[in-house]
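The values are calculated or read from the model by the stated rules, or taken from the named source; none is laboratory data. Every value quoted in this text rests on a predicted model; they were computed, and no experiment measured them. No Cβ is skipped: glycine too gets one built from the backbone with ideal geometry, and neighbour counts run over all protein chains shown. Each accessible area value is taken on the protein alone, full model and side chains, heavy atoms only, with ligands, DNA and RNA left out. Shrake-Rupley method; radii C 1.70, N 1.55, O 1.52, S 1.80 Å.
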Amino acid sequence: MTPDEALRRIAFLLEWRGASPYRVRAFHTAADAVRDLRPGPVDAAQAGRLRGVGPVTAEVISQASTGEVPTYLARLQAEADPAAQAGWDLAAASTGDCHLHSDWSDGGSPLEDMADAARALGHQWAVLTDHSPRLTIAHGLSPDRLRSQLEAVAAVNSRMGPDFRLLTGIECDILDDGSLDQDEDLLGRLDIVVASVHSKLRSEPEPMTARLLAAVRNPHADVLGHCTGRIITGRGRPQSRFDADAVFAACAEAGTAVEINCRPERRDPPDDLLVQAAAAGCRFAVDTDAHAPEQLHWQSTGYARAARIGLGADRLITTWPLDRLLAARGGKQ
């Protein structure tokens with residue numbers, strides 16, 4: 001067991017138990033700090049000099065660096081219920097993330113940094129999904145800017161090597177009539193399209209249902225993003241109302257994955273709808289909706305939720321190898 005693995009596993013088990021996000025983040029921060037350590041024993045004092053490493057995480061690093069299971073981790077594993085192992089196995093099987101943003105729209109970091117962070121986490125691929133034109137508040141991409149971004153992604157991939165690929169994509173606004181907010185020819189050139197509602201979230205159920213049905217049946221739509229639009233922190237925002245049976249049945253039929261959005265303020269869909277989507281036979285994408293590199297750590301919370309309702313890796317497209325992901329996308333069009 002490496003220090004990085006031990007720290008990530010502790011973070012996962014703390015999340016599983018419902019620990020404070022700040023406590024969980026401390027272990028992810030420490031895991032980032034040890035990424036470039038040379039193999040071999042590290043004493044706690046040496047580990048404690050690393051940026052973002054405190055006394056507790058330094059002791060974990062020291063113990064794991066000798067190959068042993070750290071005492072802190074052993075205690076958490078002994079106390080964890082059996083389902084936690086299934087959650088960890090899903091998180092460990094993750095190959096990618098279908099939803100992340102860069103400073104081309106409302107993210108805070110260059111797309112190069114987002115790609116580097118995803119690769120450092122062990123991902124084989126990640127999808128750049130900056131916003132579409134209508135979302136002007138998020139500096140959405142016009143067709144011309146999206147074409148320029150495709151060239152920028154190609155340049156990043158040219159230096160990445162064979163073990164990682166940044167995929168082209170977009171988080172496309174679902175318009176009032178259910179159509180997607182980008183040129184058809186451009187949508188056809190992208191690797192992955194996440195379709196999300198960002199306006200009129202409090203519409204009556206009937207028009208919202210019609211809007212979502214049209215979107216998920218669109219052959220360009222690969223993932224239905226944060227389907228209820230809810231916000232569960234701060235002042236919050238209630239979830240949109242729609243016929244979930246009809247929408248999830250349409251997702252299953254069309255092969256459009258339902259997103260398990262891992263942002264702490266979203267965690268969308270809520271548990272009851274997640275169970276409903278699973279019963280409908282939907283595929284899922286466990287996505288961070290990350291706007292900064294450190295937010296890519298959020299993905300494990302979605303895998304924990306998936307494990308709690310008994311989903312296996314085959315239903316989660318973010319555990320699929322790249323060739324299977326792209327083949328499924330090609331089969332829709």
May I ask you to list the residues in the stretch 103-146 that are open to solvent by 50 Å² or more (accessible area, probe 1.4 Å), among the aliphatic types (A, V, I, L, M) and touching a residue at least 60 places away in the same chain (Cβ under 8 Å)?
121
Which condition from (1) at pLDDT 95 or above; (2) out of contact with any strand residue (DSSP E or B) (no Cβ under 7 Å at 6 or more places or on another chain) is the one that residue 105 breaks?
(2)
Elements of type helices (runs of 4 or more DSSP H) in the stretch 259-333, at least 2 residues being closer than 20 Å to residue 15 by Cβ, of a type in the set (S, T, N, Q) and within 11 Å of the chain's Cα centre (by Cα)
299-308
Matching entry among 48, 52 (being more than 18 Å from residue 262 (Cβ to Cβ) and touching a Ser or Thr at 6+ places or on another chain (Cβ under 8 Å))
52
Suppose we filter the stretch 1-12 for residues that are aliphatic (A, V, I, L, M) and open to solvent by 10 Å² or more (accessible area, probe 1.4 Å); how many remain?
1
Scanning the stretch 300-325 for residues that are open to solvent by less than 10 Å² (accessible area, probe 1.4 Å) and either closer than 17 Å to residue 116 by Cα or of a type in the set (Asp, Glu) (or both) gives none
Residues satisfying the stated conditions in the stretch 127-139, i.e. within 14 Å of residue 170 (Cβ to Cβ) and either more than 21 Å from the chain's Cα centre (by Cα) or not polar (S, T, N, Q) (or both)
127, 128, 130, 131, 133, 134, 135, 138, 139
How many of the residues in the stretch 244-265 are of a type outside the set (A, V, I, L, M) and crowded, with 21+ Cβ neighbours inside 10 Å?
7
From the set of residues in the stretch 223-243 that are open to solvent by 70 Å² or more (accessible area, probe 1.4 Å) and among the basic types (Lys, Arg), which is modelled with the lowest pLDDT?
235
